[in-house]
Amino acid sequence: MYRVMLLARRVDERSWILNRQGKAAFVISCQGQEAAQVGAAMHLRPGYDYVYPYYRDHGIVLALGMSARDELLALLGREEDPNSGGRQMPGHFSSRELNIVTASAPIAVQFPQAVGSALAFKMRGEDGVVLVCGGEGSTSEGDWHEAMNFAGLHDLPVIFLIQNNHYAISVPEPLQVAGSIARRAEGYGFPGVEVDGNDVLAVYEAAGEAVARARRGEGPTLIEAKTYRLTAHSSDDDDRRYREREEVEQWRLKDPISRFERYLVENGILDEAARERIDAEVREEVREASEYAENAPVAEPSSVLEGVYAEGV
C-alpha cells in the first residue's frame, strides 16, 4: 500500500511538470487523497470485480494493476494509451482487462452505471463487487441519489466511496452539502460509515467490511472518507482565490503518505534503507514511464471515430 501511494504521488508530480512544460494540456490531481483510494482498492479482485473510478483515482487504478506508463501515455494523448488510444480526457481511466470502466465528463453519471453492473452480478448469482467513486460534490447530483435508492432497493453488491475533500471545485463543503453524507445511506436502507480518509488503514478496514458484506449478498455500503486535496482542483484552477494558504499548509501536516510512513517506521515495518530503496525504485519507474510516453507516437486525428461506434452491427 505504501509503494502504490508513493507511486500515485510521483506520477501526479510528474504530470504537473509535464503540464508546466507545455507537454500535457490538463492535469487533475490526487495529491492528499492517496490513502482513501489505495485503502479501498486493496480488497478488490482485479479483472473480476468492477470499478467505476472518478477523475482523481490514480491510486485506485495503480493499485488494481495499471502502470505509471499507462497513466502518462493517457495524459499525453499517445496512440498506445490503453484507456482510449489517446482520445479521452486525462483522468478518465479505463482498462478492459481490469474491469475499470471509463468515466464521462458529466459529474455523477458513473453511479447509475455502477449499480447496473452490480445488478448483473446479482442476477448471475456471482459474488462480484462493484466499487464506484466520487467527490462530495457528486452527492449533490440526482444521479447519485437515484443510484443509492436503486442499490438499497435491490440489495446490490456495490460500494459507494465518497472522497470528501471539502471542496467541489471552488465551493466549500458547508455551502453545498446539507447534513452528513455518510448518514444519508440510512434513508436508502443500508449502512453508511465515515472514516478518516488520510488514514489508509482506517479506509482499508472499512472497505474490507463493505466488500465482505457485499460478497455475502448483504447489499451496499456507503463510505465517506474525509480527506483533502493538496493541490488546486486542476491545472486550470487557481485555488488561491477561494482557499487560504494557512489552511492548505495545516492539511499538509496530515499528508497521508508521511503519516503512513511514520506508522510503518514506528512499528518496525519500514527502516530508512527500505524507504530510500522504495523511493528510488518509484522515481525510476516514473522517469522511465515519462521518457517512454514523451517519445511515443501521438494519436492521429484520423483515429478520432475509432471505437466510438460498434463495428458490424
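Separation of the stretch 108-172 from the stretch 90-107 is 14 Å, based on Cα centroids. Helical runs (DSSP H, four residues minimum) scored at -39500 (n - 2.57) apiece and divided by the length of the chain put the mean residue ellipticity at 222 nm at -13000 deg cm²/dmol. In a DSSP loop and with at most 13 other Cβ atoms within 10 Å, there are no GluC sites (Glu not before Pro) in the stretch 1-92.
Taking trypsin sites (Lys or Arg not before Pro) across the stretch 195-268, the ones in a DSSP loop with at most 13 further Cβ atoms lying within 10 angstrom of their Cβ are R216. Note on E194: accessible area approximately 110 square angstrom, rounded to 10, probe 1.4 Å, nucleic acids and ligands left out. In this label model, H145 and A25 are separated by 3.5 nm, measuring between points 7 Å along each Cα→Cβ vector.
Please work out how much length the chain gains when fully extended from A178 to R241, using 0.36 nm per residue of separation minus the C-alpha to C-alpha distance, in nm with one decimal. Provide the component values of the computation, followed by the final result.
On the way: separation 63, 0.36 × 63 = 22.68 nm, distance 2.36 nm.
Between A178 and R241, full extension yields 20.3 nm more.
Partners of K122 within straight-line reach, counting aspartates and glutamates whose Cα lies under 14 Å from its Cα and excluding those fewer than 8 residues away in the same chain: D49, D155, E218. Of all aspartates and glutamates in the structure, those lying under 14 Å Cα to Cα from K254, and not within fewer than 8 positions of it along the same chain, are E34, D196, D199, E246.
Taking amide H atoms as placed 1.01 Å from N in the peptide plane, the amide H of A103 lies under 5 Å from those of F93, each 5 or more residues away in sequence or on another chain.
Each principal axis of the Cα cloud of the stretch 1-130 was taken in turn, and the coordinate range along them, longest first, works out to 50, 31, 25 Å.
Secondary structure note: in the stretch 68-208, about 35% of the DSSP beta bridges are antiparallel. Normalised per residue, the accessible area of the stretch 115-159 is 38 Å², obtained with a 1.4 Å probe and no contribution from ligands, DNA or RNA.
The apolar share of the surface of the chain, taken as the fraction of accessible area on carbon and sulfur atoms (1.4 Å probe, ligands and nucleic acids excluded), comes to 50 percent.
Provide the packing ranking of 266-278, 155-167, 175-187, i.e. peptides ordered by the mean count of other C-beta atoms within 10 Å per residue, highest first. Don't jump to the answer; show the numbers that get you there.
Details: 266-278: 11.0, 155-167: 25.8, 175-187: 14.7.
For the peptides 266-278, 155-167, 175-187, the packing ranking is 155-167, 175-187, 266-278.
Considering only beta bridges that DSSP places wholly inside the chain, some 15 percent are antiparallel. Taking a ≥ b ≥ c as the square roots of the Cα gyration tensor eigenvalues, with a/c under 1.5 meaning rounded and otherwise prolate when a/b beats b/c, else oblate, which class fits the chain? In terms of gyration-tensor shape, rounded. With protein chains left intact and a 1.4 Å probe, residues in the stretch 165-265 average 50 Å² of accessible area per residue. Ranked from largest to smallest solvent-accessible area, with a 1.4 Å probe on the protein heavy atoms, D57, D236 come out as D236, D57. In this structure the stretch 30-85 gives 24 Å² per residue of accessible area when probed at 1.4 Å with all protein chains present. For the stretch 271-281, backbone phi angles converted through the Karplus equation (6.51, -1.76, 1.60; θ = phi - 60°) give residue-by-residue couplings of 10, 4, 5, 5, 4, 5, 5, 5, 4, 5, 4 Hz, Gly and Pro being listed as x. Counting only protein chain heavy atoms and rolling a 1.4 Å probe, the accessible areas of D238, D70 rank, largest first, as D238, D70.
For the stretch 247-304, just say rounded, prolate or oblate: build the C-alpha gyration tensor, square-root its eigenvalues into a ≥ b ≥ c, call rounded for a/c under 1.5, and beyond that prolate if a/b exceeds b/c, oblate if not. Spell out each step's value before the answer.
Working: a/c = 4.27, a/b = 1.91, b/c = 2.23.
It comes out oblate by the Cα gyration axes.
The values are calculated or read from the model by the stated rules, or taken from the named source; none is laboratory data. Quantities reported herein were computed from a predicted structural model and do not represent experimental measurements. Here the Cβ is made from the backbone with ideal geometry for all residues, glycine too, and neighbour counts use every protein chain on show. Ligands, DNA and RNA are stripped out before the accessible areas are found, and what is left, the full protein with its side chains, is counted by its heavy atoms. Shrake-Rupley method; radii C 1.70, N 1.55, O 1.52, S 1.80 Å.
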